[in-house]
1. Can you tell which of B:G211, B:G255 is outside the structural domain of B:P86 (by TED's automatic domain parsing), under 19 Å from the mean Cα position of the chain (by Cα) and either acidic (D, E) or surrounded by 18 or more Cβ atoms within 10 Å (Cβ to Cβ) (or both)?
2. Of the residues in the range B:391-410, how many are of a type in the set (G, A, S) and surrounded by 18 or more Cβ atoms within 10 Å (Cβ to Cβ)?
3. Could you tell me whether the range A:175-182 includes any residue that is more than 11 Å from chain B (Cβ to nearest Cβ), of a type outside the set (A, V, I, L, M) and without any contact (Cβ under 8 Å) to a residue 60 or more places away in the chain?
4. Considering only the range B:548-590, state which residues are among the hydroxyl-bearing types (S, T, Y) and closer than 23 Å to A:V147 by Cβ.
5. Can you pull out the residues in the range A:236-259 that are out of contact with any helix residue (DSSP H, G or I) (no Cβ under 7 Å at 6 or more places or on another chain), more than 9 Å from every other protein chain (Cβ to nearest Cβ) and of a type outside the set (K, R)?
6. Considering only residues of the range B:58-74 that are more than 9 Å from chain A (Cβ to nearest Cβ) and in a helix (DSSP H, G or I), which is surrounded by the fewest Cβ atoms within 10 Å (Cβ to Cβ)?
7. Could you go through the range A:160-174 and let me know if any residue there is under 30 Å from A:H336 (Cα atoms), within 34 Å of the chain's Cα centre (by Cα) and surrounded by 12 or more Cβ atoms within 10 Å (Cβ to Cβ).
8. Report yes if some residue within the range A:245-268 is on the phi > 0 side of the Ramachandran plot, at pLDDT below 95 and surrounded by fewer than 20 Cβ atoms within 10 Å (Cβ to Cβ); otherwise report no.
Amino acid sequence: MKALMSLGALIGVAGLLLLGGMVLDVVPSTYIRLVEGYMPIQMLLEVACYVIGFTGLSYTLNAMGMAIPRFWQGIGFWVFFLLYLKYRMYPPIPFSVRAMYGTVSLVAVFMWVSASEEDWQKFKQPIMNVLDAQTGGNRILRYLYLVLLPILIGGFSFNAMMPKSEEPIELRTVHPAPPASTKVHGKTYTLQTSQNPYRVNPEGKYDQEFSNANIVEQGMGRLMKPNANPWDDKNQGYLKYVREGGEIFFQNCHFCHGDNLNGRGLHAFAFNPIPANFTDPGTIAQLQETFIFWRVSKGGIGLPNEGFPWASVMPPWEQHLTVDEIWKVVLFEYWHTGYYPRTWD
Amino acid sequence: MMDSITQKAGLIAATAFGVVLVSSAVYTSVSAQGLPEGFKKGDLSPAPSAEMIEAGKRVYFTKCVWCHGVDGAGDGPGADRLWPRPRNFNQGTFKIRHTASGELPLFDAKKPIAGQNDLFETVTHGLPGSAMPPWEGILSEEQRLQVLSFVTTELVKDRKFTDKQSETQTILQLAELKPKPATDESKKRGAELIVEKKCVECHGMEGRGDGNAFNLKDDWGFSIQPANWHKCWNFRGSRQDPYNVANIFRTFSTGVNGTPMPSFADNTSVDERWDIANFVSSLCERDTLGNPLPIDPLTDKPKINFVIPSDLFEGEIPAEIEHEAWQKAPKRLVAMGGQITHKPRNFVNRIDDIWVRSLYNDKYIVYLLEWDDRTKSIAEGKLPWAPTQVNIDIKEQDPKTGEEGSIAANQNNYAVYNDAIAIETAVKWKELPAPIKPRYLFGTNDQYPMDIVKWEADGSLRAFKGTGWDKDFEERDNYEEAMKLVKSEWKNGRWYVMIQRPVGNKKDQDYDEDTFFEVGQYIPTVFFAWDGHNGDAGRKMAVSAFYYTFMNPPVPQETYIYPVVIAVGVVLLEGWVLTRRANRKKGKTL
């Protein structure tokens with residue numbers, strides 16, 4: 001038990017040092033990578049690790065006779081959580097969201113310190129001591145509070161009232177509801193029934209299982225299957241179309257969506273909203289192939305009314321590409337990211 | 001073909017001659033072994049294993065082949081619309097190295113150590129300012145070493161990384177050379193040295209890369225541009241650490257293979273090289289306090305703030321940039337990308353950012369726009385289209401043309417049009433509840449148009465109404481008379497343009513055509529820029545995303561009153577709590 005707790009304490013200290021480094025900008029916040037798409041679950045895990053570490057730390061300190069009063073434990077944990085949200089999370093969370101988390105965690109801390117009457121007494125004792133000012137130290141502290149509190153609160157409200165020009169928070173619809181059908185180059189495509197004409201098996205039949213077996217492997221790098229190289233000259237069918245789609249992608253799309261389809265292309269930094277990241281499980285992996293076909297063909301200008309703020313610079317690709325080329329690019333995007341398109345049923 | 005070979009040979013000869021000339025004319029600081037100061041002889045690395053090469057092939061044909069091509073000749077499907085073009089590996093010419101000029105870069109398939117493995121670091125950190133992204137986090141360390149094993153053995157065809165007969169390694173000992181503190185004295189000496197060493201002949205008097213904008217070619221005959229020292233985040237060798245002087249020191253010591261940038265190791269001492277590196281680094285854009293700009297790790301470019309604040313100025317807004325009000329006005333970086341939404345698309349935008357400042361008074365708002373453009377471009381004679389025309393006949397770059405027809409080959413061969421800049425603001429923005437904005441590029445329609453103010457290098461300042469991306473502009477009645485071009489100047493690779501326009505009011509202006517600027521409101525604003533030497537005209541241009549112009553309101557009186565009231569309230573509250581506590585202790589209750 002003791003060894004276990006010491007280990008916990010060690011974790012706690014190491015975690016605190018790491019966070020301290022991030023706060024002081026000695027350790028970059030990307031030092032421990034936040035895996036794209038799994039950020040929330042990773043964050044929960046990390047906080048859980050910290051909680052275990054703190055438990056161990058508190059136990060060990062207790063055993064060493066240097067127990068931290070409940071009052072400071074509560075405040076310390078809350079401060080830790082605020083710092084964690086601000087300095088660890090990347091990309092940064094807006095202040096409004098952090099304020100919400102901060103409030104929730106404050107409530108949680110209060111629930112913890114007031115779990116039993118005894119705990120609650122212990123928690124409020126230091127506050128009462130200062131109010132009563134029985135000792136010299138507490139008296140000084142009380143006068144300090146008397147002077148500092150009004151100054152601080154006044155200062156904060158002054159700061160809050162100063163006119164500021166902060167970026168307004170912009171909500172946007174990420175995946176607007178698709179129409180029933182879309183007309184591209186004079187032909188109408190019903191989204192529910194259309195199929196990618198290039199997702200075919202060697203017999204030339206639409207075959208999602210065949211193509212799924214030939215896409216890149218999941219895992220670091222997302223590399224192609226060793227025996228499924230689209231650049232093999234002998235290829236016919238699916239892999240040949242993947243290569244043709246890739247050629248179109250690298251002549252048209254990579255400028256924004258990036259060489260690795262992660263939305264970090266050459267021009268990406270100039271645009272807002274930033275280009276879609278296809279490797280993120282929240283984009284094409286969640287959508288049907290015909291949905292992508294519709295979005296690619298119509299672009300930002302073809303967004304439905306609810307798809308505001310319409311600031312997307314996504315080209316309506318029907319202006320630049322043929323229908324066949326668009327289908328091939330869509331095929332390539334699924335191949336390169338290793339995702340299966342969702343089906344309508 | 002013959003032409004390009006003779007050209008190449010001539011160029012190499014000229015470069016060689018130049019290097020010899022420079023190195024013999026100036027005193028040489030060569031150490032005892034005959035090596036330049038700061039360098040040591042190194043050994044060639046062992047060849048990577050066959051398994052590494054085979055595994056690397058798989059990485060290459062998943063990720064790299066699309067730009068670098070099947071044979072590594074830099075001719076993949078993406079190549080012809082890129083500038084700089086993707087690297088042709090065949091010759092074994094690599095830019096960013098720790099090795100002496102002309103030598104192969106450091107690469108060891110077993111040692112992924114920073115400072116000892118140039119190619120690994122290039123793949124890891126990418127080459128900013130080009131389409132080469134950082135592959136860290138996408139490919140594992142092992143995969144990066146594998147793909148490099150494949151490239152260095154199978155795709156580098158003219159040289160061999162393991163051939164002791166023909167290859168040497170003279171390695172810059174960067175880890176052992178301590179950077180010199182960037183004191184004013186060191187920077188001053190650096191400033192003198194860049195003139196003495198003739199850096200300014202290519203990089204320009206202010207280091208904006210405008211010194212020799214038309215004649216520089218790389219080993220393959222493509223036009224290239226000297227680096228702009230003010231944008232260190234675009235330095236190819238910046239290794240995601242743009243303000244680090246060691247990177248500049250390294251590039252300056254080793255030269256950039258395949259380009260006219262020579263190594264200065266032979267004619268400068270290590271001490272002088274630190275002075276130069278300190279000076280060059282000091283030119284990179286910084287904030288008003290002189291601190292490096294915060295870099296966004298997602299893009300490796302400076303962080304963008306989408307609000308352009310405008311400060312109130314009582315009286316006539318000054319025309320001199322040196323004026324205190326302009327010096328104090330907040331400065332914002334507006335990132336620019338190529339317009340690749342509608343035809344003709346601009347795949348290579350030579351203007352990639354604009355610095356914007358703004359001041360306003362009761363009648364006018366003034367924008368001060370500064371942007372780097374290596375070439376001052378004014379069209380000769382009359383342009384073949386009217387200023388209002390958007391749908392003009394400019395051919396877009398074909399996707400696949402081969403080297404001769406590529407964008408890279410077209411650089412400096414375009415018909416020259418006017419440099420230009422435009423500020424586009426939403427008309428009737430109040431009727432569009434945030435975050436809704438008019439449709440991108442030139443507005444939604446007649447109901448939600450855009451107010452476009454465009455300056456061109458021929459000195460014109462015009463006002464248009466935009467009603468859709470494919471609609472020609474409409475002239476606005478009399479509006480041009482209400483505007484004023486306060487300043488327009490091109491100096492050492494940078495444009496300085498100051499445009500004054502009315503803030504708008506219902507009395508004199510047209511609510512349906514002009515943007516009314518209101519204090520304390522977010523007014524959607526877009527910037528467009530054209531580089532005349534890039535063949536930019538019409539929709540072939542650089543564009544920004546939607547920004548907001550925000551006119552800072554004067555501080556209202558309440559801001560000073562309420563906090564005091566609140567503080568007094570807190571004092572009263574404190575008194576109440578203390579009395580209550582004291583009473584309770586005495587057993588009294590209130």
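The values are calculated or read from the model by the stated rules, or taken from the named source; none is laboratory data. Everything numeric in this text was worked out from a predicted model, so none of it was measured. Every residue, glycine as well, gets a Cβ built from its backbone with ideal geometry; the counts of neighbours run over all protein chains shown.
1. Working: B:G255 fails: under 19 Å from the mean Cα position of the chain (by Cα).
Just one listed residue meets the conditions, B:G211.
2. Applying the first criterion (of a type in the set (G, A, S)) to the range B:391-410 yields B:402, B:405-406, B:408-409.
So of that shortlist, the ones also surrounded by 18 or more Cβ atoms within 10 Å (Cβ to Cβ) come out as B:406, B:408-409.
Number satisfying all stated conditions: 3.
3. Here is the first cut: in the range A:175-182, the ones more than 11 Å from chain B (Cβ to nearest Cβ) are A:175-182.
If we keep only those that are of a type outside the set (A, V, I, L, M) as well, we get A:175-176, A:178-179, A:181-182.
With without any contact (Cβ under 8 Å) to a residue 60 or more places away in the chain added as a condition, the list becomes A:181.
Yes, the range A:175-182 contains at least one residue that is more than 11 Å from chain B (Cβ to nearest Cβ), of a type outside the set (A, V, I, L, M) and without any contact (Cβ under 8 Å) to a residue 60 or more places away in the chain.
4. The initial filter retains those residues of the range B:548-590 that are among the hydroxyl-bearing types (S, T, Y), namely B:548-549, B:559-560, B:562, B:579, B:589.
If the condition is that a residue be among the hydroxyl-bearing types (S, T, Y) and closer than 23 Å to A:V147 by Cβ, then B:T559, B:Y560, B:Y562, B:T579 are the ones that fit.
5. Scanning the range A:236-259 gives A:Q236, A:G237, A:L239, A:H257.
6. Pass one, the range B:58-74, residues more than 9 Å from chain A (Cβ to nearest Cβ): B:60, B:68-69, B:71-74.
Still in the running and in a helix (DSSP H, G or I): B:60, B:68.
Values: B:Y60: 22, B:H68: 24.
Across the range B:58-74, the extreme among qualifying residues is B:Y60.
7. Going through the range A:160-174, the residues under 30 Å from A:H336 (Cα atoms) turn out to be A:171-174.
Filter once more, keeping what is within 34 Å of the chain's Cα centre (by Cα): A:171-174.
When the remaining residues are screened for being surrounded by 12 or more Cβ atoms within 10 Å (Cβ to Cβ), the result is A:172-173.
Within the range A:160-174, one or more residues are under 30 Å from A:H336 (Cα atoms), within 34 Å of the chain's Cα centre (by Cα) and surrounded by 12 or more Cβ atoms within 10 Å (Cβ to Cβ).
8. Scanning the range A:245-268, I find no residue that is on the phi > 0 side of the Ramachandran plot, at pLDDT below 95 and surrounded by fewer than 20 Cβ atoms within 10 Å (Cβ to Cβ), so the answer is no.
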